[in-house]
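Below is one structure, written out as structure tokens; the observations come after it.
The values are calculated or read from the model by the stated rules, or taken from the named source; none is laboratory data. Everything numeric in this text was worked out from a predicted model, so none of it was measured. Don't worry about glycine lacking a Cβ; one is built from the backbone with ideal geometry, like all the others, and counts go over all protein chains shown.
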Amino acid sequence: MNVTMVYFSQTGNTRKAAEAMAGTFRDLGHTVRTISLKKSSPEDATTCDLLGVGSPCFTGQAPTPIKDFLRALPQLNNKRSFVFATSGGAPGKVLYDLTRLLRHKGADVLGGALIRGECFYPAPCFIGRYRGRPNADDLDRARRFALAVAEHLASGNPGPVTESRPDALKQGWGLYDFEGMLVLDPLVRLILSKPKLDRSRCDKCQWCAYECPVDNITMKPYPKLGGRCIRCYRCLTGCRLKAFRAGWLLGNLVLLSLHNTVFERWFGDLDYDEQIYDESDKLTSNWTFEMLQAALNARGNGRVNVAASRVLGERGQRRAIDALISGLRHVYADNSANVREAAAHALGRIGDARATEPLIATLRDKHKYVRLAAVKALTNMGNGQAVEALISALKDEHWLVRKTAAEALGAIGTSQVVLPLLLALDDESSLVHNACREALGKIIECDSTEIHKD
């Protein structure tokens, strides 16, 4: 399958998400092209089997450049497609914007994913939001979505991908959806200050004219901004000489009133324990062990259970073992599989051998990502029972679990794992075969090193 992914990225967040997804498609044997919006053409969308379109979120919507690109596409005639976005705040209707325009061209949109990204918008209230994102967990979420898309297509199932965000396929009516509907470019230009040039700092390098996503800057001979500015402030944030500036008195007040932490928890998609600025923003940052334990065992709110599991694992509290083990059997919420997965990851971080048998039992869970988390956790247990369980995981029904088990056994590297890995070389999945081969190579290399030392 030929996959083309067109993305708009100014600071690298959306590009990282695109590359993570592209890596998953390549691992599955597909041919993939990732193309930045500035280098793309409408023909790129018509010469592939699967089209992905990615964008950052600007004031609750997809930015003008990517929307203009989609409007210029020819008819796509039921071409399979998916959308993705990065956001440093409430995403509003950014995913649905992409979906709506693709559908208007006749594309079959399978679903969409949202990835957190550090906010580089220069308004004072936005500085430092989601610093360091997308992180490893965010990019893993992108890979999982790409895997879900590939498996959905391979299965031949009709309809959307089950792992898709609902707001990617259906118009929402929340606060930030209305923001995306109302705060269009003319209003943005009215509310937010136009970048101003300090000629004493400018060396006329023309970088800003090249980087402007709407070609609104001309050189005369200094940069001159026209009337189409979308207030992305790429010129301001990217100039190496800091030659641009903007006033934020009114704009910062408006942005802060809409995008404060409280509103994004109430009306946006900010998770129960997700942080915007730093650790002090997390609801559980000052919670005692007893409070976290009660939150983990609470029924009816899976998001609370997941947050409590994650924090207990981060703190590495061994007295949380019993509560986390009970989390492996969690079935009391709509997203109970997420709770079991989080509990398994937390037990792996703590690394207490008491969790070995419960984690082994979790290898029979019906959800592949729960089994995958159990395999990763067992890798940290460091005992014979865990090794036997990892060997049995080489026969799991899902290739991703088998591949991860092979990688774990290669890291363990004992003679006990050699024969199971040799037998697993016949796996129907080439990815599992390659993982077994690499694991055996590591073991042979380690053994050779030991012989030379002797």
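Here is how the numbers come out for the structure above:
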{"quantity": "Hits in segment 154-168 (condition: assigned to a loop (DSSP other than H, G, I, E, B) and either in contact with a Leu (Cβ under 8 Å, 6 or more places away or on another chain) or outside the structural domain of residue 114 (by TED's automatic domain parsing) (or both))", "calculated": "160, 161, 164, 165"}
{"quantity": "Close pairs (9 angstrom Cβ cut-off, 6 or more residues apart or separate chains): on the phi > 0 side of the Ramachandran plot in segment 93-113, assigned to a helix (DSSP H, G or I) and surrounded by fewer than 21 Cβ atoms within 10 Å (Cβ to Cβ) anywhere", "calculated": "111/148"}
{"quantity": "Matching option when the condition is outside the structural domain of residue 299 (by TED's automatic domain parsing), out of contact with any Ser or Thr (no Cβ under 8 Å at 6 or more places or on another chain) and aliphatic (A, V, I, L, M), among 391, 360", "calculated": "391"}
{"quantity": "Filter result (part of a helix (DSSP H, G or I) and buried (at least 22 other Cβ atoms within 10 Å of the Cβ)) within segment 114-143", "calculated": "142"}
{"quantity": "Helices (runs of 4 or more DSSP H) contained entirely in segment 198-316, each with at least 3 residues that are in contact (Cβ under 8 Å) with a residue 12 or more places away in the chain and small (Gly, Ala, Ser)", "calculated": "302-315"}
{"quantity": "Number of the exception - residue 80 against (1) surrounded by 23 or more Cβ atoms within 10 Å (Cβ to Cβ); (2) over 30 Å from residue 261 (Cβ atoms)", "calculated": "(1)"}
{"quantity": "Unmet criterion (only one of (1) crowded, with 20+ Cβ neighbours inside 10 Å; (2) of a type outside the set (Val, Ile, Thr); (3) within 26 Å of residue 211 (Cα to Cα); (4) more than 19 Å from the chain's Cα centre (by Cα)) for residue 91", "calculated": "(4)"}
{"quantity": "Residues of segment 47-77 that turn out to be surrounded by fewer than 17 Cβ atoms within 10 Å (Cβ to Cβ), farther than 17 Å from residue 180 by Cα and either touching a helix residue (DSSP H, G or I) at 6+ places or on another chain (Cβ under 8 Å) or at pLDDT 95 or above (or both), as a count", "calculated": "5"}
{"quantity": "Tally, over segment 333-360, of residues that are among the small types (Gly, Ala, Ser) and more than 24 Å from residue 304 (Cβ to Cβ)", "calculated": "2"}
{"quantity": "Counted residues, segment 426-439 - those being surrounded by fewer than 16 Cβ atoms within 10 Å (Cβ to Cβ) and in contact with a His (Cβ under 6 Å, 6 or more places away or on another chain)", "calculated": "0"}
{"quantity": "Any hit, segment 66-75, residues being closer than 27 Å to residue 135 by Cβ, touching a residue at least 40 places away in the same chain (Cβ under 8 Å) and not aromatic (Phe, Trp, Tyr)", "calculated": "yes"}
{"quantity": "Failed item in (1) modelled with pLDDT of 95 or more; (2) outside any helix (DSSP H, G or I), with residue 89 passing the rest", "calculated": "(1)"}
{"quantity": "1 or more residues of a type outside the set (Asp, Glu) and more than 27 Å from residue 145 (Cα to Cα): qualifying helices (runs of 4 or more DSSP H) within segment 338-454", "calculated": "356-362, 384-392, 399-412, 418-423, 430-453"}
{"quantity": "Filter result for residue 417 (surrounded by 15 or more Cβ atoms within 10 Å (Cβ to Cβ), at pLDDT below 95 and more than 30 Å from residue 162 (Cα to Cα))", "calculated": "yes"}
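For every residue, the table says whether it meets (1) of a type outside the set (Val, Ile, Thr); (2) in contact with a Ser or Thr (Cβ under 9 Å, 6 or more places away or on another chain); (3) at pLDDT 90 or above.
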{"position": "315", "(1), (2), (3)": "yes, no, no"}
{"position": "321", "(1), (2), (3)": "no, no, no"}
{"position": "337", "(1), (2), (3)": "yes, no, no"}
{"position": "352", "(1), (2), (3)": "yes, no, no"}
{"position": "356", "(1), (2), (3)": "no, no, yes"}
